[in-house]
Amino acid sequence: MTQANIDKLKNTSLKSLINYKLKKREVIKANLLNDELDTSDFIKRISKNYANNLKEFKNIFKINNLSYDLYEEEIKVELAWQQLILGIYGKKVSVDENEVDEELKRIIDNKKNLIEFRLSEIEIQITDNKNTNDLVKEIQNQIDNEGFENTAIKYSVSLTAMEGGNLGWINAEALSNNILNIVNNLNLEEVSEPIFQNETILFIKLNEIKKLDINKIDIVKTKNKIINQKKNEILDLFSRSHLSKIRNKASIEVK
């Protein structure tokens, strides 16, 4: 790894730290970061991916000389930030239920099975408009050497970073056509080529695929799941946009 590429990764990590500090400042101003915010269920869910129980999970931090308390604080900030975004933009999130109904009707009429993907993501902030290819290569190297989940935790700016990039099970109908085409061409455990977005670079990993028999599923529950997935995607866009506005206006000292 060249010094220039090391500097690029440092810049990416620095932006993640700045984002964290900005989020923390905003949720404190909104009085959302308090003792009532419970992280236990969230952490228990995450820990299952790494250890048999919470004690073993905490021991991983100790072995690697990492602060579990700091990790828990970061999760609190992230959960509070999600509450903030929901409070500001929740009423603006709208999904056309008629389109979902029409899509489900088409699937039923054609007697097609529904497909769900268990996906993970890494979203990297573009530090400048130059040498993005070098940044992509270094992130890919990090994925190869440290694993997808660890790279997501360390570098991803997405709300899923704290869960190792885990997006969970997502119905194919909830994905945009572009993302669906990419996922359909991935093998299991394969990571996509970089997907260039407005200010970020996205990597997607396909973990599992399952087919749901259209004759055996609860249509109402499936419809609601698709709608919720689409709403979460829109909220994530609002989150990134809101943070970008704050970042552009703010000037903070990173210690």
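Could you tell me the calculated FRET efficiency between ASP38 and ARG106, based on Cβ-Cβ distance and R0 = 41 angstrom, to the nearest 0.05? Once the sixth-power term is evaluated, E becomes 0.45.
Helices of the chain meeting both criteria, an alpha-carbon length of 24 angstrom or more along the long axis and an average Kyte-Doolittle score not below -0.5, with helices taken as full DSSP H segments, are 68-89. Across the chain, C-alpha contacts under 8 Å between residues 6 or more apart give a mean separation that, scaled by the residue count, equals a relative contact order of 26 percent.
Modelled this way, with points 7 Å down the Cα-to-C-beta line, the labels at ILE217 and ASN131 are 4.6 nm from one another. A simple count of charges around SER47, restricted to other residues whose Cβ falls under 10 Å of its Cβ and scoring Lys, Arg +1 and Asp, Glu -1, yields +4.
For the stretch 134-231, trypsin sites (Lys or Arg not before Pro) meeting the loop criterion (DSSP other than H, G, I, E, B) and having at most 13 other Cβ atoms within 10 Å: LYS216.
Summary of the geometry: the stretch 18-79 and the stretch 158-220, compared by the centres of their Cα atoms, lie 25 Å apart.
Above 22 Å, the calculated P(r) of the chain contains 61 percent of its Cα-Cα pairs. Partners of LYS91 within straight-line reach, counting lysines whose Cα lies under 24 Å from its Cα and excluding those fewer than 8 residues away in the same chain: LYS23, LYS24, LYS29, LYS76, LYS221, LYS223, LYS225, LYS230, LYS231, LYS245.
We did not get these values from a lab; they are worked out from the coordinates using the rules stated. In this text the structure is predicted, and so the values were computed from the model without any measurement. When we count neighbours, we look across all protein chains shown, and the Cβ atoms used for this are built from the backbone with ideal geometry, even at glycine.
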